[in-house]
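First the structure, in the form of structure tokens, and then the observations on it.
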Amino acid sequence: IKLYESLEAETGQAVGFHQPGSVRIASTAARVDEMRYQMTRTHWHVTPQYFIKPEKVQELFPDSPAPVTALTPTPDGKWDVQTPHGTIRATRIVNTAGFWAREVGKMMGLEHPTIPVHHQYVVTATVPEVKALKKELAVIRDLEGSYYLRQERDGLLFGPYEKMEKMVLQDSWVRDGVPPGFGKELFESDLDRIMEHIEMAMEMVPVLKKADIINVVSGPITYTPDLLPMVGPHQGVHNYWTAIGFGYGVIHAGGIGKFLSDWMRNGEPPYDLIECDPNRYGRWTNVPFMCAKARESYGFNNVVGYPKEERFAGRPTCRTSGVYELLKDKGSMGFHAG
Ligand SMILES: Cc1cc2nc3c(=O)[nH]c(=O)nc-3n(C[C@H](O)[C@H](O)[C@H](O)COP(=O)(O)OP(=O)(O)OC[C@H]3O[C@@H](n4cnc5c(N)ncnc54)[C@H](O)[C@@H]3O)c2cc1C
């Protein structure tokens, strides 16, 4: 570096040397660990290194994505979308903020019933029997063991859905909001919680018994009470749309993007997706209801689905009909559904 610094002065030849500083982005917990480790070894070096927060990255590299910080309706039915880079006038807005959806909803006084659930999966090291395969394995879904299992490079990837009593809701994010700056970080994993599923998988696929686990991932999946997303225009707020609450957002993303853009362009939805209507929820879907239902929906992920079954968690809600008590007194069992 010293050579390049002095080269122009010494030779009169411009070499285009400049020192704007360098920001290394750590977007996973492993990367942060790696950086901390490296930084313990670099004190001999004159160039200072330090950790900075996302806000500082924004300042040093303002072209990086800017969060929406406020949403203000305009008198002509549009929206002023405020960001650190300035305000954008939008004809309509779509909340696609994943597990931040509640935060964005709150900007206009809405409480969307979405809650992050801890979902774990386990990745194994190379399994010789898998490596020897000529063709990629099909994905297995063992419904009784409540897990999926697929090939991951030359190893296996195993993802269970725990029972409702065991699964973990990130309810502090509902209460206190998503911690600022939380990005692609992960939660602490907990193998004990999924041990019964691992044992069932070992019975089904014996090579798992001798496979080494190299990674356990635990991340937030956003759940709505009934596990279906909330897609479409939101009642009561002009030109506000949602595409939130995706438990399986990777697989659904393309279809939902097309569905919404067709709807916006043509003025009506291309086909019926009424079960994903955001307006099936309302003020009655309060936090206790949402938590109870999300717990049930996650835990029931792989249970047998019977026609006309009643799902009891979170019932009765706060909007029972006038005859509810009478029917209950007379021993009525149901009218809950879903
Ligand atoms: C461990 C794990 C395994 C999974 N496995 C699968 C799988 O196998 N198949 C599958 O289909 N799905 C899977 N999922 C679920 C899938 O990852 C999610 O459903 C999907 O990522 C949700 O997409 P999204 O676009 O709704 O939200 P996100 O991907 O969370 O995107 C939300 C975006 O909104 C942005 N944002 C938030 N707030 C603001 C703001 N104020 N201003 C501007 N931007 C903002 C964020 O930066 C982010 O880019 C898994 C999830 C986990 C955690």
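The values are calculated or read from the model by the stated rules, or taken from the named source; none is laboratory data. None of these values were measured; they are calculated from a predicted model. Glycine gets a Cβ as well: all are built from the backbone with ideal geometry, and neighbour counts include every protein chain shown. Ligands, DNA and RNA are excluded from the accessible area calculation, which covers all protein heavy atoms including side chains. Shrake-Rupley method; radii C 1.70, N 1.55, O 1.52, S 1.80 Å.
Within the stretch 272-315, whose backbone N sits under 14 Å from a point 7 Å along Cα→Cβ of E144? Backbone N within reach: 303-304. Extension gain for I214-D33 works out to 63.5 nm (0.36 nm per residue, less the C-alpha to C-alpha distance). A probe of 1.4 angstrom, applied to the heavy atoms of all protein chains, finds L156 with accessible area near 10 square angstrom. Look at the Cα gyration tensor of the chain: its axes a ≥ b ≥ c give a/c of at least 1.5 with a/b at or below b/c, and that counts as oblate. Considering only Cα atoms, the convex hull volume of the stretch 65-161 works out to 177 Å³ per residue. Report, in whole Å, the centroid distance computed from the Cα atoms of the stretch 112-135 and the stretch 41-81. One Cα centre to the other: 32 Å. Heavy-atom accessible area with a 1.4 Å probe sorts E152, E111, largest first, into E111, E152.
Taking a straight line from the alpha carbon of K135, these aspartates and glutamates sit under 20 Å away, with near neighbours fewer than eight places off in the same chain left out: E152, D154.
Solvent-accessible surface of the chain, averaged per residue with a 1.4 angstrom probe and all protein chains in place: 63 square angstrom.
Taking a virtual spin label 7 Å from the Cα of V323 along the C-beta vector, which residues in the stretch 277-297 bring their backbone nitrogen under 20 Å of it? Counting backbone N atoms under 20 Å from the label point, the list is empty. For the pair T40 and L133, the difference between a 0.36 nm per residue extended length and the Cα-Cα distance amounts to 29.2 nm. Tell me the carbon and sulfur percent of the accessible area for the chain, rounded to whole percent, probe radius 1.4 Å. Of the solvent-accessible surface of the chain, carbon and sulfur hold 57 percent. When D262, D33, D171 are compared by accessible area of protein heavy atoms, the largest-first order is D33, D171, D262, using a 1.4 Å probe. Applying a threshold of 21 Å to the alpha-carbon distances of K53/K184; K131/K163; K56/K184; K308/K328; K131/K210; K78/K106 flags K131/K163 as lying beyond it. With respect to the chain, whose longest principal axis is taken over its alpha-carbon atoms, helix 249-266 is tilted by about 80°. With Cα atoms defining each centre, the stretch 17-40 and the stretch 216-284 are spaced 37 Å apart in the structure. Return the loop-located chymotrypsin sites (Phe, Trp or Tyr not before Pro) in the stretch 83-121 (DSSP other than H, G, I, E, B) with at most 11 other Cβ atoms within 10 Å of their own Cβ; answer none if there are none. In loop regions of the stretch 83-121 (DSSP not H, G, I, E or B), there are no sparsely surrounded chymotrypsin sites (Phe, Trp or Tyr not before Pro).
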